[in-house]
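Each remark here refers to the structure printed beneath this line.
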Number of protein chains: 2
Amino acid sequence: MTDTARGTSRRYGTRPTMKDVAARAGVGLKTVSRVVNGEPGVTPDTERRVQEAITSLGFRRNDSARILRKGRTASIGLVLEDLADPFYGPLNRAVEEVARRHGALLINGSSAEDPAREQELVLALCARRVDGLVIIPAGDDHRYLEPEITAGIATVFVDRPAGRIEADAVLSDNFGGARDAVAHLIAHGHRRIGFIGDQPRIHTARERLRGYHSAMAAAGLPVDDSWVSLGSTAPDRVRAATTTMLDAPTPVTAVFAGNNRVTVTAVRVLRERPRPVALVGFDDFELADLVRPAITVVAQDPAHMGRTAAGLLFRRLDGIEDPPRSTEIPTRLIARGSGEIPPSES
Amino acid sequence: MTDTARGTSRRYGTRPTMKDVAARAGVGLKTVSRVVNGEPGVTPDTERRVQEAITSLGFRRNDSARILRKGRTASIGLVLEDLADPFYGPLNRAVEEVARRHGALLINGSSAEDPAREQELVLALCARRVDGLVIIPAGDDHRYLEPEITAGIATVFVDRPAGRIEADAVLSDNFGGARDAVAHLIAHGHRRIGFIGDQPRIHTARERLRGYHSAMAAAGLPVDDSWVSLGSTAPDRVRAATTTMLDAPTPVTAVFAGNNRVTVTAVRVLRERPRPVALVGFDDFELADLVRPAITVVAQDPAHMGRTAAGLLFRRLDGIEDPPRSTEIPTRLIARGSGEIPPSES
DNA sequence: CCGTTGATTGACAACGTTGTCTAGAGGCTA
DNA sequence: TAGCCTCTAGACAACGTTGTCAATCAACGG
């Protein structure tokens with residue numbers, strides 16, 4: 001009457017096992033296993049009895065035991081930087097979709113751009129014996145993964161390459177995209193162009209910087225040190241950097257923002273300036289077309305990246321043994337107006 | 001020479017177990033277990049030998065076996081509608097953060113607003129024996145969860161209540177928020193106000209509709225059938241609905257958009273109209289302040305919801321046995337301009 | 001009527017870990 | 001020195017499932 005009053009007669013917190021089902025149905029353990037897994041070799045009559053016992057006891061197979069026995073967990077891990085960043089939403093979703101089609105569950109977590117936390121999370125996933133890992137790395141040394149990969153955990157890096165180990169990677173064309181963005185500004189008459197990017201330890205930030213320099217050099221334009229600022233994407237930092245390069249002795253007339261968070265802050269800052277300043281951002285974002293002027297961006301395709309990475313992962317899990325390779329996903333310049341603002345006379 | 005050439009001498013795809021470590025260190029199985037788990041009762045010398053064996057073999061504890069033995073998985077499941085929806089990003093992140101503080105991993109998946117898929121996902125998580133579940137329900141009948149809850153899986157519903165079972169829930173004040181939104185429009189002179197909402201089978205859509213009617217009734221305003229449209233949030237549907245109510249014989253002069261996706265499409269449609277139309281949207285979104293006119297919204301606090309839900313879940317897991325309760329998170333009207341547009345004469 | 005075949009079924013070990021219990025070593029007191 | 005206590009260490013069972021293998025039985029051909 002105390003804790004068995006919940007409708008069933010089982011003790012609260014205790015679940016029936018196959019043994020209970022077997023006893024209730026008057027059959028052997030293995031027969032229950034066969035029914036639960038839809039294996040052949042069971043008479044319709046026996047199957048019915050077992051099914052009845054299953055439903056009346058509320059039995060649900062314990063996948064922990066199954067996993068232990070079978071060795072495969074039918075789950076993959078996804079480690080990304082921030083679950084709340086809208087850029088990773090479609091990537092996350094795409095990975096989940098592919099996992100689902102392969103009957104696998106997705107375990108994920110945020111590294112918060114902290115290499116130690118990334119490692120902690122990855123190793124926790126390895127201890128769970130996920131079948132594979134999709135990692136957007138925060139750190140730049142992944143040798144700690146070597147024993148895991150040797151032990152058979154398939155691993156694919158996305159957005160940024162692995163550090164100091166050989167592994168599959170799916171990357172955006174950061175260099176080319178940045179070059180296109182800056183070339184677009186140059187084509188509209190700009191000669192003094194600023195670049196505000198993420199921390200230089202992040203691979204994508206370095207590649208985009210390289211693209212910036214490449215485009216400037218290709219046009220024969222000099223680059224003033226004060227036009228380039230790499231660092232945190234916190235609004236304060238970006239605001240300060242933007243203001244500095246707009247108020248410099250040789251002020252920029254256009255800004256290339258190195259990722260979506262930078263772009264958003266840059267839009268706010270530019271909005272407050274007396275004269276219009278051209279802007280191109282890396283990463284597309286919702287409503288970029290509704291802001292006035294509409295924001296010209298270099299769009300990545302995060303869903304495509306996620307699909308590609310997960311696809312590669314499952315090919316590995318199916319036993320394909322090619323050497324690790326790096327896949328590059330193209331970017332696309334979407335001209336919406338903010339990049340076409342001509343330089344205002346200084 | 002064929003498959004043992006990866007640096008270590010173990011077979012590829014096979015991992016060392018505690019037994020291997022014990023053999024290598026010349027100690028018993030249980031001693032290894034003690035070292036791995038930091039339990040007392042091991043001399044420093046023995047511990048050193050075991051540690052050495054662990055690192056040289058690349059041993060990593062198999063949590064599947066541990067889970068099977070201990071009964072607790074140290075993981076919780078999160079089922080939401082769409083991992084890519086920016087509204088759920090901060091909620092997801094907040095749940096993860098709380099889980100992390102409790103040493104638990106997060107397994108998650110999208111229901112795609114499909115009740116069958118929700119159930120499939122939830123039951124898969126139960127089979128994994130997650131300790132608890134945070135569910136943003138797609139369906140309206142959760143009796144299938146009863147045996148699981150009885151068996152001890154803590155469950156908290158977020159954003160929408162559970163259907164046909166008693167369970168904890170964390171909800172926004174959808175009714176109050178909607179009422180405030182519509183009252184705001186009324187206060188700025190509007191008498192013919194349209195409501196474009198989500199599918200009526202979704203609880204939040206119904207609550208917001210109720211808020212709409214309540215505000216209209218409180219102001220003594222009649223509501224024409226053609227002013228209310230519930231259905232899919234697909235852009236085409238929303239576009240058609242908006243256009244219809246703006247071109248009706250008694251056209252609306254203001255629109256209340258029932259959620260973030262509706263708002264975005266509504267902004268695009270209104271932008272194309274010759275005369276300005278007032279707009280208030282449910283859900284805040286990034287850049288709402290940068291669009292012109294800036295969008296007035298009723299903001300929910302998804303991170304707060306996630307934190308609250310996860311906190312409640314872990315309290316349950318700590319053994320608190322109060323009866324299920326429903327927590328309401330307040331909403332906040334953020335006036336930015338689009339709601340203050342006066343009605344244009346018709 | 002008997003041996004053979006095929007289908008159905010269950011006993012048992014194993015997956016890798018942790019909880020329980022006992023053995024043994026060593027130190028202390030009487 | 002006997003007796004007792006503490007501390008370290010390991011043997012063993014158990015968690016719930018699945019793979020292997022052997023047993024049983026009905027049907028069938030000769």
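Here is a check on your reading of the model: is B:Ala99 on the phi < 0 side of the Ramachandran plot and modelled with pLDDT under 95? In short, no.
Within this structure, A:Arg275 fails the test of being out of contact with any Ser or Thr (no Cβ under 8 Å at 6 or more places or on another chain), modelled with pLDDT under 95 and basic (Lys, Arg).
Within region B:23-34, being within 9 Å of DNA strand C (Cβ to nearest atom) and surrounded by 15 or more Cβ atoms within 10 Å (Cβ to Cβ) holds for B:Val32, B:Ser33, B:Arg34.
Find the residue count for region A:203-218, including only residues that are open to solvent by less than 50 Å² (accessible area, probe 1.4 Å) and either charged (D, E, K, R) or more than 24 Å from A:Arg268 (Cα to Cα) (or both).
Within region A:203-218, residues that are open to solvent by less than 50 Å² (accessible area, probe 1.4 Å) and either charged (D, E, K, R) or more than 24 Å from A:Arg268 (Cα to Cα) (or both) number 7.
Per the conditions (1) in contact with a Gly (Cβ under 8 Å, 6 or more places away or on another chain); (2) open to solvent by 50 Å² or more (accessible area, probe 1.4 Å); (3) within 12 Å of DNA strand C (Cβ to nearest atom); (4) in contact (Cβ under 8 Å) with a residue 12 or more places away in the chain, the sole criterion not satisfied by B:Arg61 is (1).
Within region A:166-190, can you find the residues that are open to solvent by 10 Å² or more (accessible area, probe 1.4 Å), assigned to a loop (DSSP other than H, G, I, E, B) and of a type outside the set (A, V, I, L, M)? Once the filter is applied, which keeps residues that are open to solvent by 10 Å² or more (accessible area, probe 1.4 Å), assigned to a loop (DSSP other than H, G, I, E, B) and of a type outside the set (A, V, I, L, M), region A:166-190 yields A:Glu166, A:Asp173, A:His188, A:Gly189. When B:Asp289, B:Asp236, B:Asp322 are checked against the criterion of being within 14 Å of chain A (Cβ to nearest Cβ), of a type in the set (Asp, Glu), open to solvent by 10 Å² or more (accessible area, probe 1.4 Å) and free of Cβ contacts under 8 Å to residues at least 60 places away in the same chain, B:Asp289 stands alone in meeting it. Answer yes if at least one residue in region B:86-95 is in contact with a Ser or Thr (Cβ under 9 Å, 6 or more places away or on another chain), of a type in the set (Lys, Arg), under 23 Å from A:Val130 (Cα atoms) and modelled with pLDDT of 95 or more, and no otherwise. Yes, because at least one residue in region B:86-95 is in contact with a Ser or Thr (Cβ under 9 Å, 6 or more places away or on another chain), of a type in the set (Lys, Arg), under 23 Å from A:Val130 (Cα atoms) and modelled with pLDDT of 95 or more. Can you name the residue in region A:90-103 that is open to solvent by less than 30 Å² (accessible area, probe 1.4 Å) and in contact (Cβ under 8 Å) with a residue 60 or more places away in the chain and is also nearest to the other protein chains (Cβ to nearest Cβ) among such residues? The selected residue is A:Asn92.
Looking at the structure I just gave you, is A:Arg128 facing chain B (nearest Cβ under 8 Å), within 30 Å of B:Thr14 (Cβ to Cβ) and touching a residue at least 24 places away in the same chain (Cβ under 8 Å)? It is true that A:Arg128 is facing chain B (nearest Cβ under 8 Å), within 30 Å of B:Thr14 (Cβ to Cβ) and touching a residue at least 24 places away in the same chain (Cβ under 8 Å). Consider region B:23-58 and keep the residues that are aliphatic (A, V, I, L, M) and in contact (Cβ under 8 Å) with a residue 24 or more places away in the chain. The one that is nearest to A:Ala154 (Cα to Cα) is B:Leu57. For the condition farther than 18 Å from A:Thr296 by Cα and modelled with pLDDT under 95, what is the one hit in A:Thr250, A:Thr244? Of the residues listed, the single one that is farther than 18 Å from A:Thr296 by Cα and modelled with pLDDT under 95 is A:Thr250.
One residue stands out among those in region B:133-189 that are among the acidic types (Asp, Glu) and touching a residue at least 60 places away in the same chain (Cβ under 8 Å): the one that is nearest to the other protein chains (Cβ to nearest Cβ), which is B:Glu166. Which of the residues that make up region B:110-120 are surrounded by fewer than 24 Cβ atoms within 10 Å (Cβ to Cβ) and facing another protein chain (nearest Cβ under 10 Å)? Across region B:110-120, the qualifying residues are B:Ala112, B:Arg117, B:Glu120.
Condition check ((1) near DNA strand D (Cβ under 7 Å from one of its atoms); (2) under 23 Å from A:Leu145 (Cβ atoms); (3) outside any helix (DSSP H, G or I); (4) within 9 Å of another protein chain (Cβ to nearest Cβ)) across all residues:
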residue: B:Asp45; (1), (2), (3), (4): yes, no, no, no
residue: B:Arg48; (1), (2), (3), (4): no, no, no, no
residue: B:Glu52; (1), (2), (3), (4): no, yes, no, no
residue: B:Ala65; (1), (2), (3), (4): yes, yes, no, yes
residue: B:Ile76; (1), (2), (3), (4): no, no, yes, no
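Among all positions in region A:146-160, there is at least one residue which is of a type in the set (Val, Ile, Thr) and closer than 30 Å to A:Met216 by Cβ. Going through (1) within 14 Å of DNA strand D (Cβ to nearest atom); (2) touching a helix residue (DSSP H, G or I) at 6+ places or on another chain (Cβ under 7 Å) one by one, B:Phe59 falls short only on (1).
Hey, among A:Leu29, A:Leu78, which residue is assigned by TED's automatic domain parsing to the domain that holds A:Asp159 and more than 15 Å from B:Arg128 (Cα to Cα)? From the options A:Leu29, A:Leu78, the qualifying one is A:Leu78.
The values are calculated or read from the model by the stated rules, or taken from the named source; none is laboratory data. This structure is a prediction, so every number in the text was calculated from the model and none was measured. Positions of Cβ are generated from backbone atoms using ideal geometry, with glycine treated the same way; all protein chains shown enter the neighbour counts. Surface accessibility is based on the protein's heavy atoms, side chains included, excluding ligands, DNA and RNA. Shrake-Rupley method; radii C 1.70, N 1.55, O 1.52, S 1.80 Å.
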